[in-house]
Amino acid sequence: MERKYSTRQNRIWIATNYLCLVLVLTLFYIGKSLDWPLGISVFEIVILTVFFISFRRAFILTNFWQMVHSSKKSLDEREMEVVLNALKNSYTIFTVVCLVIIYGFALVQKDPVDVVIAAGLLYLAHTLPAAIVGWYEKNIVMEYE
Amino acid sequence: MNEAERIEEKFKKMCNFYNNTLYIYNMMLYLDNSNYVKETIKLQGLQKYMESRKLYNRIAVLRMEKNISRKELAQSIGVNFQTIGYLEREEYNPSLDLAFKISDYFELPIEFIFSTKPFKPLSEELKELKNNPKGGI
């Protein structure tokens, strides 16, 4: 079964996904410092759920995740151009985000970047190309099994 | 007509023959044994030429005539069906290879399917054909 989605709808899902990522990380540190009160724990679980749902809608069902991780042979010429542009732009964005985080931590003399933030950056690195493709592609068709 | 004018005319004819907007010249003219004149005639349309031009096409019309979907056409020529959508909306210029594949599929010359100028409406072309049966589209 297939359903068509507009670019605007997909942009909302992508923005939701990244907003949830930031919220999950922020809530993790808040919860950790306050020893995990019930409200924050529940909120964290809700945000995580929305995070996974938005990830599936924005990247998996639209096939953008598969597109940017495919070999060149399985892409047509237009898709290759789109993926190459997305990889180029995502490299720039990811570098800037990494530098901001590293220098931000260094400036406030906090502990070094830990595993949780590293996991967030890893997620960003893997999904940014698909997010960029999804941000600009038109007439998106979602494939439901 | 002096040497510079003669060479300029020759270049213009070449460019008209190849039907492009580019005529850039940077010519070294040896007028005599001891002198040469560097003639830079004109950079007109060079920048425009270097940018990718919009290509117009009749893919949507031809597809509808054959009564096939974008998916069927995409499978026949080996691209994703969304690429067909981009082609039909003229938001993507195909490579030469893809243009030839489309041309082979529809069994029409490339210039009948793609153009750098907007195609006239079919009704207008049919009227022209009617008024001038010996001429082509």
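The values are calculated or read from the model by the stated rules, or taken from the named source; none is laboratory data. If you're wondering where the values come from, they're calculated on a predicted model, not measured in any experiment. Here the Cβ is made from the backbone with ideal geometry for all residues, glycine too, and neighbour counts use every protein chain on show. For accessibility, only protein heavy atoms count, side chains too; no ligands or nucleic acids. Shrake-Rupley method; radii C 1.70, N 1.55, O 1.52, S 1.80 Å.
Calculate the mean, over all residues of peptide B:86-98, of how many other protein chain Cβ atoms lie within 10 angstrom of the residue's Cβ.
Mean partner-chain Cβ count within 10 Å for B:86-98: 2.
Sort the following peptides by mean Cβ neighbour count (other Cβ atoms within 10 Å, averaged over residues), highest first: B:59-65, A:32-38, A:12-18. Before the final figure, lay out the partial values.
Numbers: B:59-65: 14.9, A:32-38: 9.6, A:12-18: 18.7.
In decreasing order of mean packing, B:59-65, A:32-38, A:12-18 become A:12-18, B:59-65, A:32-38.
Label residue A:72 and residue A:99 with points 7 Å out from Cα along Cα→Cβ: what is the distance between them in nm?
2.9
Amide H neighbours of residue A:5 under 5 Å, at least 5 residues apart or on other chains, H built in the peptide plane: list them.
Under 5 Å from the amide H of residue A:5 lie the amide H atoms of A:140, A:141, A:142, each far enough along the sequence or on another chain.
Please report the spacing between the Cα centers of the range A:10-30 and the range A:72-145 in Å, no decimals.
14
Of the listed pairs A:4/B:127; A:88/A:138; B:71/B:127; A:88/B:66, which have alpha-carbon separations greater than 29 Å here?
A:4/B:127; B:71/B:127; A:88/B:66
For chain A, modelled as a Gaussian network with Cα springs under 10 Å, which listed residue fluctuates most, A:51, A:28, A:64?
Taking springs between Cα atoms under 10 Å, the residue moving most is A:28.
Please state the equivalent ellipsoid semi-axes for the range A:63-113: what are the square roots of 5 times the Cα gyration tensor eigenvalues, largest first, in whole Å? Walk me through the numbers on the way to the answer.
Numbers: eigenvalues 238, 21, 7 Å².
Semi-axes, largest first: 34, 10, 6 Å.
About the Cα centre of chain A, how large is the charge dipole given +1 on each Lys and Arg Cβ and -1 on each Asp and Glu Cβ? Please answer in debye to the nearest 20.
Values: 13 positive and 12 negative charges, 62 e Å.
Dipole size: approximately 300 debye.
Stick to the Cα atoms of the range A:1-54, pair each with every other, and give me the Kirkwood hydrodynamic radius in Å at one decimal. Each step should come with its number before you reach the end.
Details: mean 1/r = 0.0816 Å⁻¹.
Mean inverse Cα-Cα distance, inverted, gives 12.3 Å.
Find the percent of Cα-Cα distances in chain A that exceed 21 Å, and round it to a whole number.
On the way: 5300 of 10440 pairs.
So the pairs more than 21 Å apart make up 51 percent of the total in chain A.
Quote the accessible area belonging to residue B:71 in square angstrom, nearest 10, computed with a 1.4 Å probe and with ligands, DNA and RNA left uncounted.
Surface accessible to solvent at residue B:71 totals approximately 80 Å².
Apply 1/(1 + (r/R0)^6) to the Cβ-Cβ distance of residue A:117 and residue A:12, taking R0 = 30 Å, and write down the FRET efficiency to the nearest 0.05. Before the final figure, lay out the partial values.
On the way: r = 26 Å, r/R0 = 0.85.
So, using R0 = 30 Å, E works out to roughly 0.70.
Starting from the Cα of residue A:22, step 7 Å along the direction of its Cβ; do the same at residue B:68; then give the gap between the two resulting points in nm.
4.7
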